[in-house]
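J.: First the structure, then my questions, so here it is.
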Amino acid sequence: MYRIENYIDIVGKGVIASIYKKASKLYGKHIVHVNSTYQGGGVAEMLNTLVPLMNDVGLDVGWRILHGNPDFFTITKEFHNGLQGQSIKLTSAKIEQYLNTNRIFSKFTHFNHDCIIIHDPQPMPLINYFKKRQPWVWRCHIDLSHPNESLWNFLSSFAIKYNKIIISNINYKKSDSPIPQKIIFPAIDPLSLKNHPLTQKEIDTCIKKFNIPTDKPIITQISRFDKWKDPQGVVEVFKRVKEKIDCRLILCGSMAADDPEGILIYEQVKRKAAEHIKKNDIILLTIENNMLVNILQTISKVIIQKSTREGFGLTVTEAMWKGTPVIASNIGGIPLQIIDGENGFLCEPKDYDGFAEKIFEILKNPFLAKQITKKAKESTRKNFLITRLLSDYLDLFIDTFK
Ligand code: UDP
């Protein structure tokens, strides 16, 4: 596990040799990633594989978690929403709590590393509380195309202290930022429990364990219960599909430690879907389990991702890699992955009828599904596997230490 040579069969010797070559320029470089949760969401998902692989190829890389109380995470979730365009009241009490949590954390940790990578806004102000003796990189995973202006101005006061900013999409570039901005696309680990190919026995055991009925075609959205993932909209789409064809919807969303809104959204969806939940036509799951995600992405006839904002959308990548048709919103990082009609389908986020029609089409036409998923797997192999992400980070470090 976590050996780079294990990926040869998937991406080829050339890719692995090029990673070894780049890493040879970085032996012993001491690097630390900081984010705010070990579990839940795409950032933790990537760091789980990226950090051990960086160590495997010869760097000395660690991962630290910023500790915060529920008030802190309520504020940083507001910041997350604000960066994605929602209005926010930036009070001095919120600012004080945000800064204080970072200030306290700085008293419990020290950084004598060659480079520090800060993920997302939660630990962003840490840079204020250390003597800066090395390059700091801010890696933002959020859709920054329409940030709330006052919030962005506030966060920019930290951003300008960083040496580089990494974003996931050219559309998130800030033309007024004096700091170099680099685009790195996220990626998935094809060998993880969540993404590795499953045997029929594993599938059968897991279906039994989690009590997943398979008597009807399953449509699934895997996502935190978050308003930007629009689970309520997914229910609307499902109702339209269900009028034409008997099927079942599964909404699977574990609760991320740094997302306090999850339970509220879950309750709203539960109320909205009550009738269908009673008939077992809609199933809501909140279990955190990688094998469960793998099974659902594998056995579903369609994966839907009906987000209204999406920094990148690893759930789209995961399903494409497994050869399951994906119908997703034409926003954020999703069109970087899906070419409409070629390796999946894109719909405008508010086009409920469009989503429903496409789902119906796929359910009725397995040949169409097959054509699309073959291309989806190959485009994922080429662009969105962890080996490419590792390679991009090595380029970033080489450039940073030049
Ligand atoms: N995820 C999971 N269990 C769930 C819901 C999501 O393991 O119940 C994972 C999902 O498989 C993906 C990540 O969380 O790896 C979500 O990443 P994405 O980029 O799609 O969205 P984010 O949550 O970062 O906004």
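The values are calculated or read from the model by the stated rules, or taken from the named source; none is laboratory data. Keep in mind that this is a model prediction, so the values were computed, not measured. With ideal geometry, Cβ positions are generated from the backbone for all residues, glycine too; neighbour counts draw on all protein chains shown.
J.: Can you name every residue in the range 26-38 that is farther than 15 Å from residue 122 by Cα and surrounded by fewer than 19 Cβ atoms within 10 Å (Cβ to Cβ)?
T.: 27, 28, 30
J.: For the range 157-172, name all the residues that are charged (D, E, K, R) and surrounded by fewer than 16 Cβ atoms within 10 Å (Cβ to Cβ).
T.: 161
J.: Still on this structure, please answer the following. With respect to residue 246, determine if the residue is of a type in the set (Asp, Glu) and modelled with pLDDT of 95 or more.
T.: yes
J.: How about the range 286-402: which helices (runs of 4 or more DSSP H) wholly inside it have at least 1 residues that are farther than 19 Å from residue 191 by Cβ and modelled with pLDDT under 95?
T.: Correct list: 366-383.
J.: Six or more apart or on different chains, Cβ under 7 Å: which pairs go from a residue in the range 312-339 that's without any contact (Cβ under 8 Å) to a residue 24 or more places away in the chain to one that's away from the ligand (no atom under 13 Å from the Cβ) and part of a loop (DSSP other than H, G, I, E, B)? Could you list them?
T.: Listed pairs, sorted by first residue: 330/348.
J.: Ok, one more. For the subset of the range 372-402 comprising residues that are of a type in the set (S, T, N, Q) and within 30 Å of residue 136 (Cβ to Cβ), which member is surrounded by the most Cβ atoms within 10 Å (Cβ to Cβ)?
T.: In this case the residue turns out to be 387.
J.: Within the range 45-80, work out how many residues are part of a helix (DSSP H, G or I) and free of Cβ contacts under 8 Å to residues at least 60 places away in the same chain.
T.: 8
J.: For residues in the range 285-320 being more than 11 Å from the ligand (Cβ to nearest atom) and of a type outside the set (D, E, K, R), which is nearest to residue 217 (Cα to Cα)?
T.: 300
J.: Please identify the pairs in which a residue from the range 379-402 that is at negative phi has its Cβ atom under 6 Å from the Cβ atom of a residue that is polar (S, T, N, Q) and buried (at least 19 other Cβ atoms within 10 Å of the Cβ), counting only partners at least 6 apart or on another chain.
T.: Between residues of the range 379-402 that are at negative phi and residues that are polar (S, T, N, Q) and buried (at least 19 other Cβ atoms within 10 Å of the Cβ), the close pairs are 379/343; 380/317; 384/317; 386/49.
J.: Here's a check for you: in the range 232-257, which residue that is under 22 Å from residue 291 (Cα atoms) and touching a residue at least 60 places away in the same chain (Cβ under 8 Å) is nearest to the ligand (Cβ to nearest atom)?
T.: The extreme case among them is 254.
J.: If I filter the range 137-162 down to residues being among the aliphatic types (A, V, I, L, M) and in contact (Cβ under 8 Å) with a residue 40 or more places away in the chain, which single residue comes out as nearest to the ligand (Cβ to nearest atom)?
T.: Per the stated criteria, the residue is 142.
J.: Is it the case that residue 219 is within 16 Å of the ligand (Cβ to nearest atom), surrounded by 20 or more Cβ atoms within 10 Å (Cβ to Cβ) and either more than 22 Å from the chain's Cα centre (by Cα) or closer than 30 Å to residue 275 by Cα (or both)?
T.: Spelling it out, residue 219 is indeed within 16 Å of the ligand (Cβ to nearest atom), surrounded by 20 or more Cβ atoms within 10 Å (Cβ to Cβ) and either more than 22 Å from the chain's Cα centre (by Cα) or closer than 30 Å to residue 275 by Cα (or both).
J.: Name every residue in the range 178-206 that is out of contact with any Lys or Arg (no Cβ under 7 Å at 6 or more places or on another chain), exposed (fewer than 14 other Cβ atoms within 10 Å of the Cβ) and within 25 Å of residue 397 (Cα to Cα), in order of residue number.
T.: Within the range 178-206, just 178 meets the criteria.
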